[in-house]
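Reviewing the structure listed below.
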């Protein structure tokens, strides 16, 4: 929430849900899988999207909507991979809302397979806001610690998949992937779990396959 | 902000300021330095407090108020160091507020030198809430990336000191301390800057000296 918000939150969530439903219908009608990425600042959302851009190149088309409080930096990194990216700067707000997505949806190319939305770096507030996505990923990087799912349960409860990032740093950290996974699954048993290193490539085949399968499910009307 | 909040934010901030002012007066009258720690989840706030507990042992008395959405884990870690700790679980709210501190202040031992408040792991929302502290530290861990100050400016603007944590991981990361520091100082030139490794001990002498100096300034009425 920004300090500028004077609307009561209950009304805000109701209208957010309406906007999200419209966005989901629009994306599905175009055969586009919407994917919302949630995590703390610096957990590797942009780096994962860069890696997916390399994996999808020549096979699938993607676009990215970047959410940040300030700066155009993340959109610039994505564009450098040849992927269309639209930056939203919230100017203080701690999460994206569906109406913000709705306003920029016209700038997103219609002929794509995946629309990734990188939320503001925040493991708390974005969990409450449906952006009209069909798939929500929560990322937790190994340096953040394996005790985080139980401390920030809403993000894990709202997600479809849990992605442990920065696996390449495991030799230098006390992070136990089994503990983090067990905690996350205790919150939401249906979570798909992936452990990746975007810089080294570990785990990206499995994550890519999961995304492609979700896209095919959407297009066959089984979403 | 929690989704349960129905008060408009402007009123909330006004009453927060009143509560914060009362807490600050109370702490100053007791000669206690209040220190509010802000950062993303997993930046090392609790680990830094554990290291300070070891440094201060037998020289200064400290207590900790821990803010988390769920779990008593951080307070348990601090108590294991022999330091009194009171856990506040916000049950969803993304930041601590002064009234939450006011409610538990009676549980904090009166005969202490430092009262540390570890805020909810969130680099956005806690920046807007004065908790009645005299000193605010913003932490950024090296794995989060050196591009974060400009992306999350409010936390850096509201802080007195900027602490780069997990310096021991620098050999494995692209983090440039000079870049992070320059960005933070561009937002707030008066920031004191420290680079520490709580697990290895680097930089803790300088940070400890800074805290002790602030305590002495408070007690001499120059705060």
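The values are calculated or read from the model by the stated rules, or taken from the named source; none is laboratory data. This one's a predicted model, so the numbers in the text were calculated from it and none came from an experiment. Heads up, the Cβs are rebuilt from the backbone with ideal geometry, glycines too, and the neighbour counts pull from every protein chain shown.
The figures follow:
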read-out	value
Checking residue B:101 against (1) part of a loop (DSSP other than H, G, I, E, B); (2) surrounded by 24 or more Cβ atoms within 10 Å (Cβ to Cβ), the condition it does not meet	(1)
Failed item, numbered, when residue B:211 is tested on (1) under 16 Å from the mean Cα position of the chain (by Cα); (2) surrounded by fewer than 18 Cβ atoms within 10 Å (Cβ to Cβ)	(2)
Of all residues making up the range A:49-70, the number that are within 14 Å of chain B (Cβ to nearest Cβ) and either buried (at least 23 other Cβ atoms within 10 Å of the Cβ) or part of a loop (DSSP other than H, G, I, E, B) (or both)	5
Flag for residue B:191 being touching a strand residue (DSSP E or B) at 6+ places or on another chain (Cβ under 6 Å) and either under 25 Å from residue B:219 (Cβ atoms) or modelled with pLDDT of 95 or more (or both)	yes
Within the range B:22-45, tally of residues that are touching a strand residue (DSSP E or B) at 6+ places or on another chain (Cβ under 6 Å) and without any contact (Cβ under 8 Å) to a residue 24 or more places away in the chain	0
